[in-house]
1. Please work out which one of (1) surrounded by 13 or more Cβ atoms within 10 Å (Cβ to Cβ); (2) closer than 29 Å to B:Tyr210 by Cα is the condition A:Arg65 fails and give its number.
2. Within region B:53-70, does at least one residue satisfy the condition of being touching a His at 6+ places or on another chain (Cβ under 8 Å) and either aromatic (Phe, Trp, Tyr) or more than 16 Å from ligand 3 (Cβ to nearest atom) (or both)?
3. Which condition number does B:Thr244 fail, the rest of (1) touching a Cys at 6+ places or on another chain (Cβ under 8 Å); (2) away from chain A (no Cβ under 13 Å) being met?
4. Could you tell me whether any residue of region A:1-10 is surrounded by fewer than 19 Cβ atoms within 10 Å (Cβ to Cβ), assigned to a loop (DSSP other than H, G, I, E, B) and without any contact (Cβ under 8 Å) to a residue 24 or more places away in the chain?
5. On the basis of being away from ligand 1 (no atom under 16 Å from the Cβ), part of a helix (DSSP H, G or I), in contact (Cβ under 8 Å) with a residue 24 or more places away in the chain and within 18 Å of A:Cys41 (Cβ to Cβ), does B:Leu204 make the cut?
6. Among (1) basic (Lys, Arg); (2) in contact with a Leu (Cβ under 9 Å, 6 or more places away or on another chain); (3) over 23 Å from B:Thr338 (Cα atoms), where does A:Arg45 come up short?
7. Quick one: B:Asp258 ticks every box in (1) of a type outside the set (S, T, N, Q); (2) in contact with a strand residue (DSSP E or B) (Cβ under 9 Å, 6 or more places away or on another chain); (3) part of a helix (DSSP H, G or I) except a single one, so which number is it?
8. Which number in (1) surrounded by 16 or more Cβ atoms within 10 Å (Cβ to Cβ); (2) out of contact with any Gly (no Cβ under 8 Å at 6 or more places or on another chain); (3) more than 13 Å from chain B (Cβ to nearest Cβ) marks the one condition that A:Ser50 misses?
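No lab work stands behind these numbers, since they all come straight from the coordinates. In this text, all values refer to a predicted model and were calculated from it rather than measured experimentally. Heads up, the Cβs are rebuilt from the backbone with ideal geometry, glycines too, and the neighbour counts pull from every protein chain shown.
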Amino acid sequence: MPQVRINGEVVVNFDGSSPNLLQFLEQQQQAVNYQCREGFCGACRCKLLSGQISYLQEPLAFVRRGEFLPCCSIPQTDIELEIPK
Amino acid sequence: MAYTTFNRNINDQLKEPMFFGNAVNVSRYDQQKYPIFEKLIEKQLSFFWRPEEIDVSKDRIDFQQLPEHEKHIFISNLKYQTLLDSVQGRSPNVALLPIVSIPELETWIETWAFSETIHSRSYTHIIRNISAEPHKIFDDIMLNERILERAVDVTRYYDDLIDGINLYQRCGEGTHQINGKTEQITLRELKKRLYLCLMSVNVLEAIRFYVSFACSFAFAERELMEGNAKIIRLIARDEALHLTGTQHMLNILASGDDDPEMAEIAKECEEESYAIFMRAAEQEKDWAAYLFKDGSMIGLNKDILCQYVEFITNSRMQAVGLKPRFATTQNPIPWINTWLVSDNVQVAPQESEISSYLVGQIDNEVDTADFGDFDL
Ligand code: FES
Ligand SMILES: [Fe+2]
Ligand SMILES: [Fe+2]
């Protein structure tokens, strides 16, 4: 079960009860910006500091190196992520 | 150099830059330099909708009962959106098609602009329904100073680019005497105008619509003007995709992978890019003040909307590699996001008030009690 470290603080197990990382973060009471929840608007962009995620569907939004879209992805390994402020 | 609708040069389209290479000859998608644009086309086509399918008849009653200051908010926003989509329905085609060099991007531009024409037609659908005199609303767009002020900034970068392209394609680089005036153009200058034009379009679709969207959804949160809100959701979904298309173009250009000179130009244009964002944000805040000049609406006021403008401006700036310039870090109206979610838009037809399905729905709602007096 991959562990998710959020903003360098909280560490939570991704136990599969959320279909994607955006919902997972929301369940942890983390405020993440979002719009489409389908990978095409880019509003949910977060930083991936370490580890790997995999996309459930190919994102259409522009994603820079070191960033990812939580709305359409799940962790592959333990990850560290940062929600932009 | 002169534009041709079917370029006879046999070229390798995979080696063309996005813009200012050979004009596209064969529209082919078997090989693609940037497959993302075809994916955007497919997505846009999957979003297809027709204004006539959305039942807005209940809005007429709601509208009549709105207090005057809320009518002003509603109508002013529709006028402003009408202006924006009038521009967007034609300008990507006029400005970008003469200079685009790869087929998948050319077709994305056409698909994008086409979807804007749906938006334009939807405003007529809404306005015809709420007003017995729709012409008065449309006629005012060309007279309303608040709207015209915005039109200047919305169109300026398009017009500069189009003007430069005309000169370049007619006369080439250099200094030319045109109707007794001395005009100068270089390819580099044109590239700069293109970059700034895309930045300004990005700002248009990223920020300028959102004050209006927020008001539409604030009405709908009170179960008012819900037909309108349904249309605005479909428009907002399209706009999020357009924005993504433009962000891809800007980011590809700025990377220099496509055309090394463009990376330099993107750097050169950084200050002006900031200025375009900041100017649009200020104008949208002024617009919020104009909307609420006679009173706020439940759930929204000028200050909240201004904070929202700052919030989305920050996030849109980051998307194209700029630094946020406002202190606001929180979305002051988080409820708006639930209206912007894509999958909620695709409700099962029978749950929405899509009129083509409504016919069947009305039949189904006939209660058995209605047959009480029938002897079978
Ligand atoms: S919410 Fe739109 S890309 Fe994630
Ligand atoms: Fe539009
Ligand atoms: Fe658009």
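1. Of the numbered conditions (1) surrounded by 13 or more Cβ atoms within 10 Å (Cβ to Cβ); (2) closer than 29 Å to B:Tyr210 by Cα, the odd one out for A:Arg65 is (1).
2. The initial filter retains those residues of region B:53-70 that are touching a His at 6+ places or on another chain (Cβ under 8 Å), namely B:54, B:56.
Keeping just the survivors that are either aromatic (Phe, Trp, Tyr) or more than 16 Å from ligand 3 (Cβ to nearest atom) (or both) gives B:54, B:56.
Looking for residues that are touching a His at 6+ places or on another chain (Cβ under 8 Å) and either aromatic (Phe, Trp, Tyr) or more than 16 Å from ligand 3 (Cβ to nearest atom) (or both), one finds at least one in region B:53-70, hence yes.
3. Answer for B:Thr244: the failing condition is (2).
4. Within region A:1-10, one or more residues are surrounded by fewer than 19 Cβ atoms within 10 Å (Cβ to Cβ), assigned to a loop (DSSP other than H, G, I, E, B) and without any contact (Cβ under 8 Å) to a residue 24 or more places away in the chain.
5. On the way: away from ligand 1 (no atom under 16 Å from the Cβ): yes; part of a helix (DSSP H, G or I): yes; in contact (Cβ under 8 Å) with a residue 24 or more places away in the chain: yes; within 18 Å of A:Cys41 (Cβ to Cβ): yes.
So B:Leu204 fits the description; yes.
6. Single failed check for A:Arg45: (3).
7. The one condition B:Asp258 does not meet is (3).
8. Every condition holds for A:Ser50 apart from (1).
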